[in-house]
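Only one structure is covered here, and it is reproduced in the block below.
Each value in this text was obtained by applying a stated rule to the coordinates, not by laboratory testing. Quick caveat, the model's predicted, so the values are computed rather than measured. Note that each Cβ is placed from the backbone with ideal geometry, even for glycine, and that neighbours are counted across all protein chains shown.
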């Protein structure tokens with residue numbers, strides 16, 4: 001999708017599904033660029049497409065970019081002296097001419113905790129169901145299946 005400086009969509013295109021995102025970046029960007037009127041552009045990628053190969057391609061082709069870092073950050077997480085912007089704590093790090101923004105959000109932490117709690121609850125419910133099946137008629141009693 002191409003958006004303007006105010007965040008309004010100017011152009012979008014759907015690409016075929018069922019393909020690895022990491023392999024399609026250059027094709028997608030070249031296709032979208034056909035509809036650009038400005039040379040001032042920033043590419044924004046999520047972690048799924050922000051492979052080291054794609055980041056290298058962006059660098060080699062002189063694109064400005066913002067990506068979600070995959071894996072461990074190349075700095076120690078020091079949460080002191082963070083600034084708060086719109087409820088998100090941030091801190092900037094510069095390493096080898098790259099800028100990194102460490103972010104922490106109480107809302108995001110709460111959402112992740114809720115997701116983990118839900119998964120744990122489902123796991124426990126399934127274990128209890130399997131346990132009940134051991135004593136019920138027609139319940140699963142085969143060790144391999146349990």
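Couple of notes before you dig in:
- The stretch between residue 75 and residue 34, if pulled fully straight at 0.36 nm per residue, gains 11.0 nm over its current Cα-Cα span.
- Paramagnetic reach from residue 97 in the range 51-89 [backbone N under 15 Å; point 7 Å along Cα→Cβ]: 56-65
- When DSSP beta bridges are restricted to pairs lying wholly in the chain, around 75% turn out antiparallel.
- For the range 22-44 and the range 57-83, distance of Cα centres in Å: 20 Å
- Nitroxide proxy distance, nm - points 7 Å out along Cα→Cβ at residue 83 and residue 47: 2.5 nm
- If R0 is 35 Å, the Cβ-Cβ spacing of residue 137 and residue 112 corresponds to a FRET efficiency of close to 0.25.
- Answer label, with Kirkwood radius over Cα pairs in Å calculated from the coordinates and candidates (1) 19.9; (2) 15.4; (3) 17.7: (1)
- A helix-only calculation puts the chain at -11000 deg cm²/dmol for mean residue ellipticity at 222 nm, using -39500 (n - 2.57) for each DSSP H run of at least four residues, averaged over all residues.
- Stretch gain in nm, segment residue 105-residue 63, where the contour uses 0.36 nm per residue and the Cα spacing is subtracted: 12.3 nm
- The chain: relative contact order as a whole-number percent, Cα under 8 Å and 6+ apart: 11 percent
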